[in-house]
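Read the structure below first, then the notes.
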Amino acid sequence: MTHLIHIQRQLPPQGLPSAQSLRAWAIATLPEDHGELTIRLVDEAESQALNRSYRGKDKPTNVLSFGYDMDGDDMPGLPGQAILGDLVICAAVVRREASEQGKTERAHWAHMVVHGCLHLLGYDHESNTEAEEMEHREKIILARLGFPDPYEVEHDGP
């Protein structure tokens, strides 16, 4: 099956992960019949506007997941492929968080794609139990991709 993963860049590609990397990280997370997905890379202004409109939080955020809300057979898309949803990832926030958390930008980008895709699949972190399950899945997927545990933050010195 062909994975339909569209990449949109609102920013110049310098310093951003390649479309191939973004697709690989999403494919590692999604089931074979996941449906169509769009990953949009944006600046802080667009992230903030979307976060304000859809979550009531007036600040840019690392990743927003917008799942398609129709059921089963009614979902648009190619035959046998429904629309799963969209991920919107803010490059500046990912860059800043990676630095603050002592991670490589590439590892943090992979984490944001995996995290966002899991949200589209129905995972959440509203309760401790949900957060533990989602984090466990993230760690497994990222380890398979060759990335370290995203929740282990490196610190300099004692």
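The values are calculated or read from the model by the stated rules, or taken from the named source; none is laboratory data. What you see is a predicted model; the values in this text were computed from it and never measured. Positions of Cβ are backbone-derived with ideal geometry, glycine not excepted, and every protein chain shown enters the neighbour counts. Heavy atoms of the whole protein, side chains included, go into the accessibility calculation; ligands, DNA and RNA do not. Shrake-Rupley method; radii C 1.70, N 1.55, O 1.52, S 1.80 Å.
Relative to the longest principal axis of the Cα atoms of the chain, the long axis of helix 105-120 lies at roughly 40 degrees. Per atom type, the chain shows carbon and sulfur on 47% of its accessible surface, probed at 1.4 Å.
Just order 35-46, 129-140, 92-103 by mean Cβ neighbour count inside 10 Å, highest at the front, would you?
Working: 35-46: 19.1, 129-140: 14.6, 92-103: 16.2.
Top to bottom by mean Cβ count within 10 Å: 35-46, 92-103, 129-140.
Taking the Cα atoms only, what angle lies between the long axis of helix 128-144 and the longest principal axis of the chain, rounded to 10 degrees? The two axes meet at around 90 degrees.
Counting only DSSP beta bridges with both residues in the stretch 11-149, what percent are antiparallel, rounded to the nearest 5? Present the calculation step by step, with values, prior to reporting the outcome.
Details: 5 of 12 bridges.
Among the beta bridges of the stretch 11-149, antiparallel pairing accounts for roughly 40 percent.
Here the Karplus curve 6.51 cos²θ - 1.76 cosθ + 1.60, taken at θ = phi - 60°, turns the phi angles of the stretch 52-59 into couplings of 5, 5, 9, 10, x, 10, 8, 7 Hz, with x standing for Gly and Pro.
Partners of residue 103 within straight-line reach, counting lysines whose Cα lies under 19 Å from its Cα and excluding those fewer than 8 residues away in the same chain: 139.
Compute the helix-to-body angle for 91-100: its Cα long axis versus the longest principal axis of the chain, expressed 0 to 90° and rounded to tens. Roughly 40 degrees, rounded to the nearest 10.
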